[in-house]
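Here is the structure we will look at, set down as structure tokens.
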Amino acid sequence: MNVTSTTWTVAGRSVSLSHLDKVFWPQDGLTKGDMLRYYQAVAPVMLPYFKDRPVTLRVFPDGIPGFSYYRRDRPDNAPAWLRSVDYDPETAPEVIQLPLVDDAAGLIWLANQGSLEFHLWAARAPDLAEPDQVIIDLDPGDEAPFGDVLQAALRLQEALERRGGLRGYPKTSGGRGLHVYLPLAPGYTFDAVRDWVKDLAGQLAAAHPDLIAVAHGATHRGRQVTIDHAQNSIGRNTAAPYTLRARPGATVSAPLTWDEVADGQVRPSDLTLRTVPDRTQRMGDLFAPVLQAGQHLP
């Protein structure tokens, strides 16, 4: 695209866009304009997961080779229609206005600011202390192939079935890992959910010690796949369904079927800016059950 700036009408709003020809993924020849068109294409399936849920932005002003930073406060130059919710963390001296994305205009406006990645909280406004999702983060060690992550996910699925027929829904992280989500009934605290996931992780690690470990610390080495129970904490966030990732290939955090997990042939590198819109048109939103009635933890 040769146009450097333009205005789109998105969800009935005029959104000014700039530097559309700036290359964001040099190895793949993909531009900021490609990124914006991707988010416009997947907005119908992506936006339901943002409803009333604070978003943390990972901003890349000059694409993935350049400087980046995480932002969880609403930008000062944001349009008046971009909502926010107040959050008063114990570790910060002042209240933070956490951005909320209500429609495609908000998604595109933030992406135009360089927000390449979108990460979501596990709770919705106004009660940010009550999670409505359990997030089980399967994170491979530096020597673990993706096939081991798929095997760990299958062992997790079996364990959930044994625990009262619980149902989890997998998606790629967009990197080397997997996330399995359980929609959660009201009334749980983050502490209770985190303890439950830690207990589950411990049982899986005991049953499959060569494959699965409980996460300890920020970095994991070796062949095991860790389960990070700390992901279920207030203020923590996880890559949103359908978000792009700042990785070569422009990979996507994409929902999977359990059949794809069991088949073992799917690879994160297959799920990209170029392929996911067509996949979603063909298969629908595989993650939609996460938006349905929540489950009770046994």
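Which one, PHE190, THR226, ALA159, is farthest towards the positive end of the dipole of the range 154-298 when Lys and Arg carry +1 and Asp and Glu -1 on their Cβ? With unit charges placed on the Cβ atoms, the residue in question is THR226. A viscosity of 1.306 mPa s and a temperature of 10 °C, combined with the Kirkwood radius over C-alpha pairs in the Stokes-Einstein formula, give the range 79-236 a diffusion coefficient of 92 µm²/s. Ranked by the mean number of other Cβ atoms within 10 Å of their residues, highest first, the peptides 226-237, 139-150 fall in the order 226-237, 139-150. For LYS22, a cut-off of 21 angstrom between C-alpha atoms picks up these lysines, skipping any fewer than 8 places away in its own chain: LYS32.
Comparing HIS296, THR172, GLN203 along the charge dipole axis of the chain, the residue lying farthest to the positive side is THR172, per the Cβ-charge model.
Computed over the range 28-80, relative contact order equals 23 percent, with contacts defined as Cα pairs under 8 Å that lie 6+ residues apart.
Per-residue packing, averaged as other Cβ atoms within 10 Å, sorts the ranges 119-131, 285-297 into the order 119-131, 285-297, beginning with the highest.
Counting only other residues whose beta carbon sits under 12 Å from that of GLY33, what net charge do I get with K and R as +1, D and E as -1? With Lys, Arg at +1 and Asp, Glu at -1, the neighbours total +1. Treating r as the C-beta distance of GLN265 and PHE67 and R0 as 30 Å, the FRET efficiency rounds to 0.25. Put simply, the C-alpha atoms of the range 1-111 give a gyration tensor, and the ellipsoid matching it has half-axes of 25, 18, 13 Å, longest first.
Considering the range 167-298, its Cα convex hull presents a mean projected area of 9.1 nm². Within the shell defined by Cβ-Cβ distances under 13 Å, the residues around THR257 carry a net charge of 0, with Lys and Arg each +1 and Asp and Glu each -1. Only aspartates and glutamates eight or more places from LYS51 in sequence, or on another chain, were considered; those with a Cα closer than 18 Å are ASP73, ASP86, ASP102, ASP103, GLU117, ASP127, GLU130, ASP132, ASP285. The label point for ASP199 and the one for LYS51, both projected 7 Å from the Cα toward the Cβ, are 3.1 nm apart.
Shown is the FRET efficiency for ASP21 and ALA206, computed with R0 = 41 Å from the Cβ-Cβ distance and rounded to the nearest 0.05: 0.15. Here the range 220-242 is scanned for amide nitrogen atoms under 19 Å from the site 7 Å beyond the Cα of VAL95 along Cα-to-Cβ, giving 235.
3J(HN,Hα) along the range 108-119: 5, 4, 5, 4, 5, 6, x, 6, 7, 10, 10, 10 Hz, from the Karplus curve 6.51 cos²θ - 1.76 cosθ + 1.60 with θ = phi - 60°, whole Hz, x for Gly and Pro. Our summary gives the range 47-138 a relative contact order of 38 percent, counting only alpha carbon pairs under 8 angstrom and 6 or more residues apart. With Cα atoms as the point set, the radius of gyration and Dmax of the range 229-298 evaluate to 14.1, 41 Å.
With neighbours defined as other Cβ atoms within 10 Å of a residue's Cβ, the residues LYS198, LYS51, LYS171, LYS32 order from fewest to most as LYS51, LYS198, LYS171, LYS32. Looking at the chain, what % of its DSSP beta bridges pair antiparallel, to the nearest 5? The antiparallel proportion sits near 90 percent.
Out of all Cα-Cα pairs in the range 62-160, roughly what percent, to the nearest whole number, are more than 18 Å apart? Value for the range 62-160: 64 percent of Cα pairs lie more than 18 Å apart.
Helix-only arithmetic for the chain: the sum of -39500 (n - 2.57) across DSSP H runs with n ≥ 4, divided by the residue total, places the mean residue ellipticity at 222 nm at -7500 deg cm²/dmol.
Across all directions, the shadow cast by the convex hull of the chain built on its C-alpha atoms averages 15.4 square nanometres.
Does the range 129-184 come out rounded, prolate or oblate, given a ≥ b ≥ c as the square roots of the eigenvalues of its C-alpha gyration tensor, rounded meaning a/c under 1.5 and, failing that, prolate meaning a/b above b/c? It is oblate, given that a/c is not under 1.5 and a/b is not larger than b/c.
Just so you know, all these numbers are worked out from the coordinates, no wet-lab data involved. Computed from a predicted model, the values in this text were never measured in an experiment. Here Cβ is always computed from backbone atoms with ideal geometry, including for glycine, and neighbour counts include all displayed protein chains.
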